[in-house]
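The values are calculated or read from the model by the stated rules, or taken from the named source; none is laboratory data. Bear in mind the structure is a predicted one, so any value in this text is a computation, not a measurement. Positions of Cβ are backbone-derived with ideal geometry, glycine not excepted, and every protein chain shown enters the neighbour counts. SASA here: full protein model, heavy atoms, side chains in, ligands and nucleic acids out. Shrake-Rupley method; radii C 1.70, N 1.55, O 1.52, S 1.80 Å.
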Amino acid sequence: MSDFSRRVEAIDISGIRKVFEAASEDAINLGLGQPDFPTPEHARQGAIDAIEAGQADGYTSNKGTASLRAAIAEKHGRDNAFTASPEDVIATSGGSEALHLAIEAHVDEGEEVLFPDPGFVSYDALTKLAGGTPVGLPLRDDLTLDPATVEEYITDDTAAFVVNSPANPTGAVSPPEDMREFARIADEHDVLCISDEVYEHIVFEGEHRSPMAYDESGNVVVVNACSKTYSMTGWRLGWVTGASERIERMLRVHQYAQACASAPAQYAAEAALTGPQDPVDEMVAAFEERRDVLLDGLEDMGLDVPTPRGAFYAMPEVPEGWVDAVLERGVVVVPGGAFGERGEGSARISYATSMENIEAALEAMREATAAVR
């Protein structure tokens, strides 16, 4: 077996697979991180106009269209308080490819990547695919990642650490002072900080800040996407931005793995970024209302759940057998262990679905909770 084959074999997808294979088509799916809102009309129209004009039939630049990259650069100046050159942006096939590029281009065999535990499942898997060593870090009681913990775990073998705020699967939002510290740590220890900001606009309390706003050494790269903010998960359009030399490294991986992001999706993303932002505000308000209903229901069952301040996930501590009992009652949730060993004993619940589904799911969860206690 080759080294790469061994890396593939080392990736555990059993936790996620079990949930989705067991789910019937008519199940209430609280396992997917997919907003139930339509893609904004102006974003759809952007793709339609490009297709009708014959602009979306062929390859674009490997990095993406010049107009999309300009829109992304302008967006970062507008929303994130840092300057990005359009030349230092790569449009990718969703945030997933952007993460892959950041890790694959910067992690050598045996080098460590630090990330939150529990944390998004791709951090561990992509590190293994790159031949690196994944290192999950414990979180604070509010489920944020402490910069002091990152600094404590850095060794001579550390190539990168991942910051994710608002976070999947916890919904935690890191304060601005922590983001400043993450940039300092990347600078002083000469390691890469990969900032996953896919949920940046879905914040209920606190504020989103990017460590890139404090970067002085070119040791921060930002991963983002249209998927969550604009309900465009199926369009598969994300991006990565960073210092020119890092973009060049990532472009080499992207060019031969992907060639370029989908052309119609690029035009849709450009329209989403430059058009009216009212649909985003409407979605965030709906997510907050759904969060409050879900939290009230979980707390009424006696489950301990930290209040998520962003994204659209809650992660309650649950009794043994709870996930299976909920699944048996036609509701899909994800076992916390799928997101790291420190997620054991919890479950991730997505409230990116309708209020009707949430209320029906809560009834099934009440029954499940009573059955396993």
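Comparing Arg290, Arg69, Arg329 in a Gaussian network model of the chain, where Cα atoms under 10 Å apart are tied by springs, the biggest mean-square fluctuation is seen for Arg329. Across segment 1-159, the mean sequence separation of Cα contacts (distance under 8 Å, 6 or more residues apart), normalised by length, yields a relative contact order of 19 percent. With the simple spin-label model, which puts each label point 7 Å out from Cα in the Cβ direction, the Ala360 to Ile51 separation comes to 3.1 nm.
Evaluated at q = 0.15, 0.18, 0.21, 0.22 Å⁻¹, a Debye calculation over the C-alpha positions of segment 253-373 (equal weights, vacuum) places log10 I(q)/I(0) at -0.76, -0.91, -1.09, -1.17.
In summary, the chain shows an alpha-carbon radius of gyration equal to 0.97 times the 2.2 N^0.38 Å reference for compact globular proteins.
Rolled with a 1.4 Å probe across the full set of protein chains, the surface gives Leu139 an accessible area near 40 Å².
Between Tyr59 and Asp36, the simple spin-label model (points 7 angstrom out along Cα→Cβ) gives 4.2 nm. Taking the chain as a Gaussian network of alpha-carbon nodes connected by springs under 10 Å, the highest mean-square fluctuation of the residues Gly345, Gly337, Gly206 belongs to Gly206. Considering only Phe161, Phe120, Phe339, the mean-square fluctuation computed in a Gaussian network model of the chain, springs between alpha carbons under 10 angstrom, is largest for Phe120. At full extension, Glu9 and Lys75 could sit 19.8 nm farther apart than now, given 0.36 nm per residue minus the alpha carbon distance.
Pick out, in residue order, every one of the GluC sites (Glu not before Pro) in segment 200-305 that is DSSP loop and has at most 13 other C-beta atoms within 10 Å; say none if there are none.
Hits after loop and neighbour filter: Glu205, Glu207, Glu216.
Taking the chain as the region of interest, the number of lysine pairs whose Cα atoms are within less than 25 Å, with members eight or more places apart or on different chains, is 5. Its relative contact order, with pairs defined as Cα atoms under 8 Å and 6+ residues apart, puts the chain at 25 percent. With the gyration tensor restricted to C-alpha atoms of segment 184-326, the semi-axes of the equivalent ellipsoid amount to 33, 21, 16 Å, longest first. Here is the list for segment 86-192: GluC sites (Glu not before Pro) lying in DSSP coil, each with at most 13 other C-beta atoms within 10 angstrom of its C-beta, are Glu109. Here the label points at Tyr256 and Thr83, each 7 Å from Cα along the C-beta direction, are separated by 3.5 nm in the simple model.
Note on segment 1-146: Cα convex hull, mean projected area over all directions, 13.5 nm².
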